[in-house]
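Colleague: Please read through the structure below; I'll follow up with questions.
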Amino acid sequence: MKALLRRTLASLNARESGASLALFRGMIAILVAVSVARFEIYGWADSFFLRPRFFFSYPGFSWVKPPGPLALHGLFLGVFLLTIPLALGWKTRLAAFGMFLGFLAIHLFDVTNYLNHYVLLLLLLAHAVLLPLGVPYGLDGRTKDGRWMTTSPRWPLRALRFQVGIVYFFAGIAKANSDWLFHGQPLAIWLAAREGLPLVGPLFALPGAALVMSWCGFLFDTSIPFLLSHPRLRRPAYVAVLFFHALTSYLFPIGLFPWIMVSAATVFFAPDWPLRLLARRPVAGATVDAVEGPSGRGGEQLGRAALVAFALHAVLQILVPLRTFATPGPVAWHEQGMRFSWRVMLREKNAAVTYLVEDLQTGRVREVPPREYLDDRQEREFATQPDLLLQLGSRIAADEAAAGRSVRVRVDAVASWNGRRMHRLVDDRISLDRVGRDVPLAAWILPAPTEPPPSFK
């Protein structure tokens with residue numbers, strides 16, 4: 001066992017070109033810069049974090065609230081400016097840590113802003129904190145005599161490959177359900193609305209088009225990490241990556257996610273691929289490949305403790321998506337474990353919600369529509385998620401108590417999932433103050449409808 005450990009560490013610490021890591025560092029900086037700039041350019045910072053009356057919080061983070069206008073815009077500006085030292089590889093870990101904290105705060109302000117690619121960017125920034133990304137071709141790796149470090153241990157690139165591969169693989173595993181593979185849903189719904197597009201639109205009207213594309217998506221996601229890992233298959237696999245993400249970006253409003261994945265997938269190429277692409281090699285005498293650097297190290301050596309830590313991290317990356325199987329029934333209906341599981345564009349779900357406030361003294365029941373607390377975007381996002389239904393209900397109950405009224409709050413919520421008829425989502429007979437105390441959340445959520453969705457054409 002000790003011999004295996006020594007061989008593993010020796011292999012992971014062996015040096016290789018750091019060109020791929022350096023380019024990846026720059027791409028992450030650009031992607032984060034574009035992400036935060038979009039909040040300011042499109043006015044999202046104000047509309048998402050300043051105008052709403054109520055914000056949905058993650059468990060344990062209810063204390064994280066959007067600050068005032070000056071601090072909020074300063075936060076976005078700070079994260080944007082920190083992308084510069086990250087790109088240059090100067091004080092890389094400190095810059096990445098600041099970006100991570102700032103971007104994390106933005107992510108925590110309101111659950112209804114959850115997006116898988118924000119989570120991925122956070123994970124990649126965490127890797128930039130932990131990995132020596134600033135050493136190869138960066139200011140952190142420049143020697144006293146002005147030469148550049150050009151090499152890196154193997155293990156940082158391997159860690160990034162694992163992270164990116166996890167995203168693809170579990171996005172594919174999530175598609176292994178009857179709606180996706182046997183009924184072509186929800187793609188059939190989405191593609192029907194895009195039959196008028198030039199060139200590709202008429203193809204979507206063909207019989208079975210949605211089912212074929214559903215299977216293509218499933219096979220692509222589950223296989224692409226392994227295809228990208230194979231040296232002979234890597235180039236055609238990356239062409240498939242480019243085609244797949246370009247098509248999804250054209251068809252669906254999914255923001256930067258396709259381009260983040262196109263950039264992230266480059267970690268599967270050979271460590272020196274940027275140099276090969278440019279058809280040039282490092283200039284003799286201008287670089288240094290020795291282990292000694294300005295800090296005495298040319299990139300940290302992976303030790304036993306760090307190897308164990310990364311192994312535990314890998315296990316966590318696997319267990320978190322797998323937790324979706326802990327609750328019986330389709331996760332697209334009950335939503336338990338939906339977040340942080342790489343379930344990308346897997347359901348078409350709509351809901352109508354009304355809160356029922358019963359005065360315990362008079363017995364009168366009045367309706368409280370969510371729009372009294374939420375804007376249109378929040379109302380659209382929260383209505384299908386039972387845990388968020390509970391959060392707003394708790395806020396309504398608290399407001400009623402503050403006004404001196406003794407009430408019981410229930411919620412009438414009906415939802416349509418992948419084209420099915422409307423079904424009741426939660427038990428409207430149960431007072432929300434009992435959910436999570438006397439009644440488990442899973443028991444409050446009603447079983448998913450058993451009827452199949454409308455089939456593809």
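Colleague: Among (1) in a helix (DSSP H, G or I); (2) of a type in the set (S, T, Y); (3) in contact with a Leu (Cβ under 7 Å, 6 or more places away or on another chain), where does Y58 come up short?
Modeller: (1) is the only condition that Y58 fails.
Colleague: Scan the helices (runs of 4 or more DSSP H) fully inside the range 132-247 and keep the ones with 3 or more residues being of a type in the set (A, V, I, L, M) and closer than 30 Å to T92 by Cβ. Spell out the reasoning first.
Modeller: Values: elements: 155-173, 178-183, 187-192, 201-204, 209-229.
Result: 155-173.
Colleague: Could you go through the range 368-378 and let me know if any residue there is hydrophobic (A, V, I, L, M, F, W, C) and outside the structural domain of F162 (by TED's automatic domain parsing).
Modeller: Taking the range 368-378 first, the residues hydrophobic (A, V, I, L, M, F, W, C) are 368, 374.
With outside the structural domain of F162 (by TED's automatic domain parsing) added as a condition, the list becomes 368, 374.
Checking the range 368-378: at least one residue is hydrophobic (A, V, I, L, M, F, W, C) and outside the structural domain of F162 (by TED's automatic domain parsing).
Colleague: Within the range 349-453, which strands (runs of 3 or more DSSP E) (wholly inside it) include 2 or more residues that are closer than 25 Å to G337 by Cα and charged (D, E, K, R)?
Modeller: On the way: elements: 349-359, 365-368, 407-417.
Qualifying strands (runs of 3 or more DSSP E): 407-417.
Colleague: Then there's this: For the range 248-260, give me the residue count where each residue is of a type in the set (A, V, I, L, M), in a helix (DSSP H, G or I) and under 19 Å from S214 (Cα atoms). Lay out the reasoning, then the answer.
Modeller: Here is the first cut: in the range 248-260, the residues of a type in the set (A, V, I, L, M) are 251, 254, 256, 260.
When the remaining residues are screened for being in a helix (DSSP H, G or I), the result is 251, 260.
Filter once more, keeping what is under 19 Å from S214 (Cα atoms): 251.
Looking only at that region, the number is 1.
Colleague: Same structure, new question: Only one of V435, V409, V426, V414 is among the hydrophobic types (A, V, I, L, M, F, W, C), surrounded by 16 or more Cβ atoms within 10 Å (Cβ to Cβ) and under 16 Å from P330 (Cα atoms). Can you tell me which?
Modeller: Residue meeting the stated conditions: V426.
Colleague: In addition: If I filter the range 45-78 down to residues being of a type in the set (G, A, S) and touching a residue at least 60 places away in the same chain (Cβ under 8 Å), which single residue comes out as surrounded by the fewest Cβ atoms within 10 Å (Cβ to Cβ)?
Modeller: Here the answer is S47.
Colleague: Need pairs with beta-carbon distance below 8 Å; first residue not assigned by TED's automatic domain parsing to the domain that holds F100 and within the range 124-147, second part of a loop (DSSP other than H, G, I, E, B) and of a type in the set (F, W, Y); sequence gap 6+ or separate chains.
Modeller: Here the result reads none, with nothing in the range 124-147 linked to a residue that is part of a loop (DSSP other than H, G, I, E, B) and of a type in the set (F, W, Y).
Colleague: Can you tell me how many residues within the range 156-184 are buried (at least 19 other Cβ atoms within 10 Å of the Cβ), under 14 Å from P452 (Cβ atoms) and touching a Ser or Thr at 6+ places or on another chain (Cβ under 8 Å)?
Modeller: Number satisfying all stated conditions: 3.
Colleague: Can you find a residue that is within 28 Å of R304 (Cα to Cα), part of a helix (DSSP H, G or I) and among the hydroxyl-bearing types (S, T, Y) anywhere in the range 45-55? Reasoning before the result, please.
Modeller: Initial filter on the range 45-55 (within 28 Å of R304 (Cα to Cα)): none.
The answer is no, given that none of the residues of the range 45-55 is within 28 Å of R304 (Cα to Cα), part of a helix (DSSP H, G or I) and among the hydroxyl-bearing types (S, T, Y).
Here is a yes/no grid of residues against (1) modelled with pLDDT of 95 or more; (2) of a type in the set (S, T, Y); (3) within 26 Å of R377 (Cβ to Cβ):
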{"position": "F109", "(1), (2), (3)": "yes, no, yes"}
{"position": "Y114", "(1), (2), (3)": "yes, yes, yes"}
{"position": "L139", "(1), (2), (3)": "no, no, no"}
{"position": "I166", "(1), (2), (3)": "yes, no, no"}
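Colleague: Then there's this: Based on what the data block shows, is D387 more than 29 Å from T324 (Cα to Cα) and under 27 Å from the mean Cα position of the chain (by Cα)? Before the answer, list the steps.
Modeller: Values: more than 29 Å from T324 (Cα to Cα): no; under 27 Å from the mean Cα position of the chain (by Cα): yes.
Against the criterion (more than 29 Å from T324 (Cα to Cα) and under 27 Å from the mean Cα position of the chain (by Cα)), D387 does not qualify.
Colleague: On the basis of being surrounded by 15 or more Cβ atoms within 10 Å (Cβ to Cβ), modelled with pLDDT under 95 and not assigned by TED's automatic domain parsing to the domain that holds A105, does L5 make the cut? So that I can check it myself, show each step before the final result.
Modeller: Numbers: surrounded by 15 or more Cβ atoms within 10 Å (Cβ to Cβ): no; modelled with pLDDT under 95: yes; not assigned by TED's automatic domain parsing to the domain that holds A105: yes.
Considered against the rule, which asks whether it is surrounded by 15 or more Cβ atoms within 10 Å (Cβ to Cβ), modelled with pLDDT under 95 and not assigned by TED's automatic domain parsing to the domain that holds A105, L5 comes out as no.
For every residue, the table says whether it meets (1) in contact (Cβ under 8 Å) with a residue 60 or more places away in the chain; (2) farther than 26 Å from V331 by Cβ.
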residue	(1), (2)
P153	yes, yes
A193	no, no
A205	yes, yes
F257	yes, no
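The values are calculated or read from the model by the stated rules, or taken from the named source; none is laboratory data. Here the structure is a predicted model, which means the values were calculated and not measured. Cβ: placed from backbone, ideal geometry, glycine included. Neighbour counts: every protein chain shown.
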